Amino acid sequence: MRRIPSLLLASMVCFAAQGAEPTAANINLTPGAAPASSELIATLAEKDRQLFEAVFGCKLDLLASLIADDFEFVHDKWGQTADSGAKFMQGMRDNCKAQETGQNFRARRELVEGSMTVHVLNHYGAMQMGEHRFFALQPGQPDKLTESGKFIDVWRQIDGEWKLARVISYDHQLAE
């Protein structure tokens, strides 16, 4: 149920009690954010490449430099998997250890060509959206497509550096 702000509700009750209709309000429209510049698109494409190189290459120092302290990750399969940069990094350390012992397979990610879009979020950062595919890597075998999915990444500039603040990973489809 949508909640009506109390000031608006009080105004509606007052006008209804008086039998009068509210007067027309001034309409002040604000334009949306400017389109993403080619420089911003290139910067976030590079950050995206670095992110997945770090995630799947277990380059934890690089990964830590890309993640905001208040990072949040929501996944369609597992729900909220991290509510802080520290929690996400601990999960990544655990994953890398599991790969070393052979518990987890190594993987790579491929951005679907032409799928990435970038949208400016005024006074905050930028949203990057796209589609990607994931492959299992097995020694001596060709890379095996495991699934595809979509993502929404929200990046923020913190102290002059782009940091990943939010991730929504969704619409995962197993490979046939």
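Residue check: residue 96 meets all listed conditions (1) over 17 Å from residue 167 (Cβ atoms); (2) surrounded by fewer than 18 Cβ atoms within 10 Å (Cβ to Cβ); (3) of a type outside the set (A, V, I, L, M) but one, namely (2).
Contact map, the stretch 41-57: first residue at pLDDT below 95 and part of a helix (DSSP H, G or I), second residue β-branched (Val, Ile, Thr) and buried (at least 16 other Cβ atoms within 10 Å of the Cβ), Cβ cut-off under 6 Å, separation 6 or more or different chains; the map is empty.
Filtering 68, 82, 86 for residues that are under 15 Å from the mean Cα position of the chain (by Cα), at pLDDT 95 or above, aliphatic (A, V, I, L, M) and over 30 Å from residue 32 (Cα atoms) leaves a single hit, 82.
Would you confirm, using the coordinates I've provided, whether residue 101 is farther than 22 Å from residue 170 by Cβ, of a type in the set (S, T, N, Q) and surrounded by 15 or more Cβ atoms within 10 Å (Cβ to Cβ)?
Values: farther than 22 Å from residue 170 by Cβ: yes; of a type in the set (S, T, N, Q): yes; surrounded by 15 or more Cβ atoms within 10 Å (Cβ to Cβ): no.
When the stated conditions are applied, residue 101 does not pass them.
Can you pull out the residues in the stretch 134-155 that are among the charged types (D, E, K, R) and either within 19 Å of residue 106 (Cα to Cα) or touching a Phe, Trp or Tyr at 6+ places or on another chain (Cβ under 6 Å) (or both)? Within the stretch 134-155, 143, 144, 147, 150 qualify.
Among strands (runs of 3 or more DSSP E) entirely within the stretch 62-166, having at least 3 residues that are among the β-branched types (Val, Ile, Thr) and closer than 15 Å to residue 43 by Cβ singles out 117-121.
Between 133, 156, 109, the distinction of being more than 17 Å from residue 52 (Cβ to Cβ) and in contact (Cβ under 8 Å) with a residue 12 or more places away in the chain belongs to 156 only.
The values are calculated or read from the model by the stated rules, or taken from the named source; none is laboratory data. Since this is a predicted model, take the numbers as computed values, not measurements. As a convention, Cβ positions derive from the backbone with ideal geometry for all residues, glycine included, and neighbour counts pool all protein chains shown.
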